[in-house]
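Colleague: Got a structure for you, questions after.
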Amino acid sequence: SSGINAEYGYIEPSVAENTADDGVRCDSGIVEGSSISIHYDPMICKLVTFAPTRREAIRKMEAALDDYVIDGITHNTPLLREILGNEAFLSGNVNTKFLEEEYPGGFSGAPLTISQRAELYPALVALHHSKANRAAGPGSYKYVVTGEGEERGEVMVTVSKDGTCAVSLDGQTVTVTPQGGIHEPLQKFTLDGGREVTLQQLEFNGVTHSIRYRCCRKDFTIVTPLQQRFMDAMPEKPVVDTSNLLLSPMPGSVSMISVEEGDEVLEGTEVAVIVAMKMNNSLKAPKSG
């Protein structure tokens, strides 16, 4: 079984009293730290939204999924969020072969669209600036955003004396207003006083952000142009073939060699013993040879 990660937490979407004005119902039976067993139905929750029209209910569901923080286990919210924007689903043209027809190769995330990039990058860079340069005063700051499988973006952040943050990307400038503290797992931003963008913070090491956007995990590196120049000049680390090597999982002293040169060993055979942390650790062959 797997458990909900207590470090990042478990936060259900905001539900007032399941009234028509709220339109969100979250029927769950777990809390932070709960164990999800594989021996029974591994359901986390039944999430329901309702509204006067189907399209409005779908929009409420998109917002509810964006607000649903579930970490420590693998779950299907990325696929559910993707389906909500699928044209066949929006039109109601679905049948029991929907997943097979629409996602024949399965779903493991998708590159950002132009409009998604235009809202995610400004929000993410505004968050990065507030976390990485908290002592910085009013002025303009340049950053380079790089994400795996995504187009690199050069972004300008201009902070006014009143704290207003304007972010420029691809010739377009938007005003980004954060809602809440920068260390909260759920981050919400308002762009130009209207559009709302929701991110979930997973990890941040000063340079790399691991987030969820539209329920999909994405990793971005955000650095200054000078830092990016240095990074681009760094040689790529060669990929080393370790398939024929027996690697110790930790530093230690070799106390015994269990085989001799030329011996044939089967997968799982003890090859050596190392002493580490006052314990004997058996190193076994990862394959036969």
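Colleague: Restricting to lysine pairs 8 or more places apart or on different chains, what number in the chain have Cα atoms under 16 Å apart? Provide the component values of the computation, followed by the final result.
Modeller: Numbers: K46/K60; K60/K188; K131/K142; K131/K188.
Number of lysine pairs found: 4.
Colleague: With a 1.4 Å probe and all protein chains kept in place, how much accessible area does M256 have, in Å² rounded to the nearest 10?
Modeller: Near enough 90 Å² of accessible area.
Colleague: On to the next question. For the chain, state the average projected area of the convex hull of the C-alpha atoms over all orientations, rounded to one decimal in nm². Could the numbers behind the result be given before it?
Modeller: Details: hull surface 91.1 nm².
Averaging across all directions leaves 22.8 nm² for the Cα convex hull.
Colleague: Taking only Cα atoms, what is the 0 to 90° angle, nearest 10, from helix 54-67's long axis to the longest principal axis of the chain?
Modeller: In the chain, helix 54-67 runs at an angle near 50 degrees to the longest axis.
Colleague: Determine the gain in length on full extension of the stretch T146-K287; use 0.36 nm per residue of separation and subtract their C-alpha separation, reporting nm with one decimal.
Modeller: On the way: separation 141, 0.36 × 141 = 50.76 nm, distance 3.79 nm.
Extending this stretch completely gives an extra 47.0 nm.
Colleague: A follow-up question, please. Report the gain in length on full extension from Y103 to D241: 0.36 nm times residue separation, minus Cα-Cα distance, nm rounded to one decimal. Walk me through the intermediate numbers first.
Modeller: Details: separation 138, 0.36 × 138 = 49.68 nm, distance 3.40 nm.
That pair, Y103 and D241, stretches by 46.3 nm at full extension.
Colleague: With the convex hull built on the Cα atoms of the stretch 79-139, state its orientation-averaged projected area in nm².
Modeller: On the way: hull surface 24.8 nm².
Value for the stretch 79-139: 6.2 nm².
Colleague: Based on alpha-carbon positions alone, could you give the equivalent ellipsoid semi-axes of the stretch 84-202 from the gyration tensor, as √(5λ), descending, whole Å?
Modeller: Working: eigenvalues 225, 44, 37 Å².
After scaling each eigenvalue by five and taking roots: 34, 15, 14 Å.
Colleague: Here is a follow-up. Using the heavy atoms of the protein chains and a 1.4 angstrom probe, tell me the accessible area per residue for the chain in square angstrom.
Modeller: Values: 17950 Å² over 289 residues.
Counting only protein heavy atoms, the per-residue value for the chain is 62 Å².
Colleague: Work out how much length T269 to T53 would gain on full extension: take 0.36 nm times their residue separation and subtract the Cα-Cα distance, in nm to one decimal.
Modeller: Working: separation 216, 0.36 × 216 = 77.76 nm, distance 6.37 nm.
Going from the current span to full extension adds 71.4 nm.
Colleague: Evaluate the charge dipole of the chain about its Cα centre and quote only its size in Debye, nearest 20, assuming +1 on the Cβ of each Lys and Arg and -1 on the Cβ of each Asp and Glu. Please report the intermediate quantities before stating the final value.
Modeller: Values: 25 positive and 39 negative charges, 172 e Å.
Value, rounded to 20: 820 debye.
Colleague: Here is a follow-up. Among residues other than G137 whose Cβ falls under 14 Å from its Cβ, what is the net charge (Lys/Arg +1, Asp/Glu -1)? Working shown, then result.
Modeller: Details: positive: R134, K161; negative: D162.
Summing Lys/Arg as +1 and Asp/Glu as -1 gives +1.
Colleague: May I ask you to give the average projected area over all directions of the convex hull of the Cα atoms of the stretch 170-269, in nm² rounded to one decimal? Kindly include the intermediate steps, with their values, before the conclusion.
Modeller: Details: hull surface 51.4 nm².
Mean projected area of the Cα convex hull: 12.8 nm².
Colleague: What is the percent carbon and sulfur in the accessible area of the stretch 66-134, measuring with a 1.4 Å probe over the protein chains and ignoring ligands?
Modeller: Details: 1780 of 3540 Å².
With neighbouring chains kept in place, the figure for the stretch 66-134 is 50 percent.
Colleague: Run the simple label-point estimate for D170 and E154 please: 7 Å along Cα→C-beta, distance reported in nm.
Modeller: 1.6 nm
Colleague: Take the Cα of M234, step 7 Å along the line toward its Cβ, and report every residue of the stretch 120-146 whose backbone nitrogen sits under 14 Å from that point.
Modeller: So the set is 146.
The values are calculated or read from the model by the stated rules, or taken from the named source; none is laboratory data. Please read these numbers as outputs of a predicted model, since none were measured by experiment. Every residue, glycine among them, receives a Cβ derived from its backbone with ideal geometry; neighbour counts consider all protein chains shown. Note: areas computed on protein heavy atoms with side chains; ligands, DNA, RNA excluded. Shrake-Rupley method; radii C 1.70, N 1.55, O 1.52, S 1.80 Å.
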